[in-house]
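The values are calculated or read from the model by the stated rules, or taken from the named source; none is laboratory data. Here the structure is a predicted model, which means the values were calculated and not measured. We place every Cβ from the backbone using ideal geometry, glycine too, and count neighbours over all the protein chains shown.
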């Protein structure tokens, strides 16, 4: 479920390194997952999605991994850049209800 | 292509005043529509969603209400704002629940 009342955890990464952002989801029936990026003062932007019949999907510099056994989702960002600094949310879909968003992780890139 | 418009971008309102935030979607028909609120440095809290004209589902009881007078228009309202209503309000649309959401640019509401 949502943890909207909690402060966001922060991940600090050196520019050029790879970033891994993790998300634990709650519903074993969830079959569609999305990662969003939210820059300060803006709405969340779609990054990448994955359906439950896959365990890995790659985009441009981003990879999403899905481990259904332990209900874990991760977002990997290769060669992290200052423009990657943002809050990242995972979201899960498990039926005819709205997407459930995770609590978010703030990524800070150190130049 | 589909676009979502949300306005105003920022709003400062006194306690007890009414509120009306508007969201419209272009380039699609019969979208699912959503209102979220985000407190500073926090996650996304779903307030309302709608799967059709006149159909509103409320997720959190509060002094806010939503309406969908037209297929691609979603309005968030309050008769009397509270200080706790301050936050970043986001509208979103989707083709359906198994598709991703597209968010608007948000409205920063400060109740003083």
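If you check residue A:17 against the conditions, is it surrounded by 12 or more Cβ atoms within 10 Å (Cβ to Cβ), over 13 Å from the mean Cα position of the chain (by Cα) and away from chain B (no Cβ under 14 Å)? Outline the logic, then answer.
Working: surrounded by 12 or more Cβ atoms within 10 Å (Cβ to Cβ): yes; over 13 Å from the mean Cα position of the chain (by Cα): yes; away from chain B (no Cβ under 14 Å): yes.
Judged against the criteria, residue A:17 is a match.
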Within the stretch B:89-96, identify whether any single residue is loosely packed, with under 14 Cβ neighbours inside 10 Å and within 12 Å of chain A (Cβ to nearest Cβ), and answer yes or no.
yes
If we ask which residues in the stretch A:32-45 are more than 8 Å from every other protein chain (Cβ to nearest Cβ) and more than 13 Å from the chain's Cα centre (by Cα), their number turns out to be 2
Of the conditions (1) closer than 15 Å to residue A:91 by Cα; (2) at pLDDT 95 or above, the single one that residue A:15 does not satisfy is (1)
Across the stretch B:17-56, the tally of residues that are surrounded by 14 or more Cβ atoms within 10 Å (Cβ to Cβ), in a strand (DSSP E or B) and within 14 Å of another protein chain (Cβ to nearest Cβ) stands at 18
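Restricting to the stretch A:56-109, name every residue that is part of a strand (DSSP E or B) and in contact with a helix residue (DSSP H, G or I) (Cβ under 9 Å, 6 or more places away or on another chain). Break it down into steps so the answer makes sense when it comes.
To start, the set of residues in the stretch A:56-109 that are part of a strand (DSSP E or B) comprises A:56-58, A:62-67, A:72-77, A:86-93, A:100-101, A:105-109.
A:77, A:107, A:109, listed by residue number.
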Would you confirm, using the coordinates I've provided, whether residue B:99 is at the interface with another protein chain (Cβ under 9 Å from one of its Cβ atoms), in a loop (DSSP other than H, G, I, E, B), without any contact (Cβ under 8 Å) to a residue 60 or more places away in the chain and over 24 Å from residue A:106 (Cα atoms)? yes
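Taking residue B:75, is it touching a strand residue (DSSP E or B) at 6+ places or on another chain (Cβ under 9 Å), surrounded by 15 or more Cβ atoms within 10 Å (Cβ to Cβ) and within 14 Å of chain A (Cβ to nearest Cβ)?
Values: touching a strand residue (DSSP E or B) at 6+ places or on another chain (Cβ under 9 Å): yes; surrounded by 15 or more Cβ atoms within 10 Å (Cβ to Cβ): yes; within 14 Å of chain A (Cβ to nearest Cβ): no.
No, not satisfied.
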